[in-house]
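See below for the structure under consideration.
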Amino acid sequence: MWGIIATWRMAKEGVEEGVKVLRDKGTAGSAIEVAIQEVENYPLYKSVGFGGLPNEEMELELDAAYMDGDTLSVGAIAAIKDYANPISIAKKLSEETVNNMLVSSGAEKYAAQEGFERKNMLTKRAQAFYRERKSQIEPVELKPYDGHDTVGMVTLDDKGKVVAATSTSGLFMKRKGRVGDSPLVGSGFYADSKVGGATATGLGEDLMKGCISYEIVRLMKEGLHPQEACEKAVYNLDKELRERRNNAGDLSVVALNNEGEWGAATNIEEFSCVVQIENQPCEVYVIRNDNGKTIKEIATDEWVEKYMKSEIGYVDEEKWGKQ
Ligand code: ASP
């Protein structure tokens with residue numbers, strides 16, 4: 001039994017690439033790497049890899065991570081600039097015995113030594129978007145979903161190996177050096193082949209308060225179905241945050257267990273994910289939170305069209321540039 005689950009509709013083309021690897025009996029690790037690379041390389045997705053949105057100083061700092069559910073090895077990079085595929089650097093780091101998480105210039109030095117491709121990841125289009133936003137608002141608080149989302153995935157291969165990984169440009173207009181949940185093990189992602197894996201997207205500052213991905217895997221280990229585990233983790237954390245802080249940021253999660261069962265939950269109005277399990281078609285699901293109840297529906301064509309317009313819909317090329 002193999003399968004992939006990923007956050008957001010933008011992951012679809014990547015999931016299709018990952019599926020090819022799994023169908024050919026490739027490993028969960030190779031599948032997740034090619035799947036995430038595909039999303040990183042696509043210039044019009046504005047929150048991951050090439051074309052991602054910059055920080056407040058108009059620099060594009062990227063975070064990524066990789067976890068092998070067999071060995072529990074983790075590799076992560078944060079605030080790296082000018083490297084083409086952060087996911088591959090994180091994967092490579094997971095093979096080291098120590099120094100598994102590197103940030104900023106340290107991560108760049110490692111990437112250079114290992115021969116990874118250097119690339120200016122900040123596109124003209126992302127710069128135009130930055131200038132437009134800057135002129136509209138002086139950001140006084142972090143506002144999730146004003147132009148950011150993380151691609152997080154969990155893969156399962158036919159040998160029963162589970163891998164989880166993430167890649168993101170983090171919050172648009174974030175402070176230089178800011179690191180969210182995505183490269184933090186247990187918060188943005190977690191994988192254990194004996195159980196399954198989980199990954200998160202939303203406001204990193206709040207997701208990490210509940211180590212939410214680890215919590216989901218822990219709940220699955222106690223015997224919960226991935227759907228129950230996702231809902232419990234999201235709604236509990238949402239409740240705790242509201243009680244203690246009067247406010248909860250956006251929390252959205254997906255999980256896949258080692259039997260190919262999956263789940264997703266959110267505390268926002270609408271979140272999407274892409275799922276393909278062996279012998280089933282690849283589907284985009286819209287996940288809605290209806291007063292603490294999760295509703296999962298296959299995305300309609302109209303929904304996908306609307307999503308694509310909002311995600312990559314800066315179609316005025318004169319204004320935004322082609323890339
Ligand atoms: N969780 C990411 C971060 O806080 C952003 C996102 O997933 O939308 O960096």
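When the chain is treated as a GNM with alpha-carbon contacts under 10 Å, the residue of SER310, SER272, SER94 showing the greatest mean-square fluctuation is SER310. Counting only DSSP beta bridges with both residues in region 168-258, the antiparallel share comes to about 90 percent. Cross-link partners for LYS134 among the lysines, with Cα-Cα distance under 17 Å and sequence neighbours closer than 8 places in the same chain left out: LYS46, LYS124, LYS143, LYS174, LYS176, LYS319.
Using a cut-off of 26 Å between Cα atoms, the listed pairs LYS12/LYS119; LYS25/LYS232; LYS12/LYS92; LYS119/LYS306; LYS25/LYS109 include LYS25/LYS232; LYS119/LYS306; LYS25/LYS109 as exceeding that distance. Looking only at GLY52, GLY26, GLY14, which one moves most when the chain is put into a Gaussian network model with springs between Cα atoms under 10 Å? Checking each option, the largest mean-square fluctuation is seen for GLY26. For the chain, adding -39500 (n - 2.57) for each run of n ≥ 4 DSSP H residues and dividing by the number of residues yields -10000 deg cm²/dmol at 222 nm. Taking a ≥ b ≥ c as the square roots of the Cα gyration tensor eigenvalues, with a/c under 1.5 meaning rounded and otherwise prolate when a/b beats b/c, else oblate, which class fits region 18-153? It comes out prolate by the Cα gyration axes. In this structure, the amide hydrogen of LYS119, modeled 1.01 Å from its nitrogen in the peptide plane, lies closer than 5 angstrom to those of TYR83, ALA84, counting only residues at least 5 positions away or on a different chain. Is region 38-83 best put as rounded, prolate or oblate by its Cα gyration tensor, with a ≥ b ≥ c the root eigenvalues, rounded for a/c under 1.5, and otherwise prolate when a/b is larger than b/c, oblate when not? In terms of gyration-tensor shape, oblate.
Sort the chain into rounded, prolate or oblate with this rule: let a ≥ b ≥ c be the square roots of the eigenvalues of the Cα gyration tensor; rounded if a/c is under 1.5, and if a/c is not under 1.5, prolate when a/b is larger than b/c, oblate otherwise.
Numbers: a/c = 1.36, a/b = 1.16, b/c = 1.17.
Since a/c stays below 1.5, the shape of the chain is classed as rounded.
Please give the peptides 106-113, 295-302, 29-36 ranked by average Cβ packing (other Cβ atoms within 10 Å per residue), highest first, as a rough proxy for protection.
Numbers: 106-113: 16.9, 295-302: 11.8, 29-36: 25.6.
Those peptides, ordered most packed to least, come out 29-36, 106-113, 295-302.
Across region 58-71, rounded Karplus estimates of 3J(HN,Hα) from the backbone phi angles (6.51 cos²θ - 1.76 cosθ + 1.60, θ = phi - 60°) give 6, 10, 9, 10, 10, 10, 7, 8, 8, 9, 8, x, 7, 9 Hz, Gly and Pro being marked x.
Highest-first packing order for the peptide set 192-199, 215-222, 98-105, 261-268 is 192-199, 261-268, 215-222, 98-105, based on the mean count of other beta carbon atoms within 10 Å.
Each reported figure results from applying straightforward, stated rules to the coordinates on display, with no laboratory input. Predicted model only: the values in this text are computed from it and were never measured. Every residue, glycine as well, gets a Cβ built from its backbone with ideal geometry; the counts of neighbours run over all protein chains shown.
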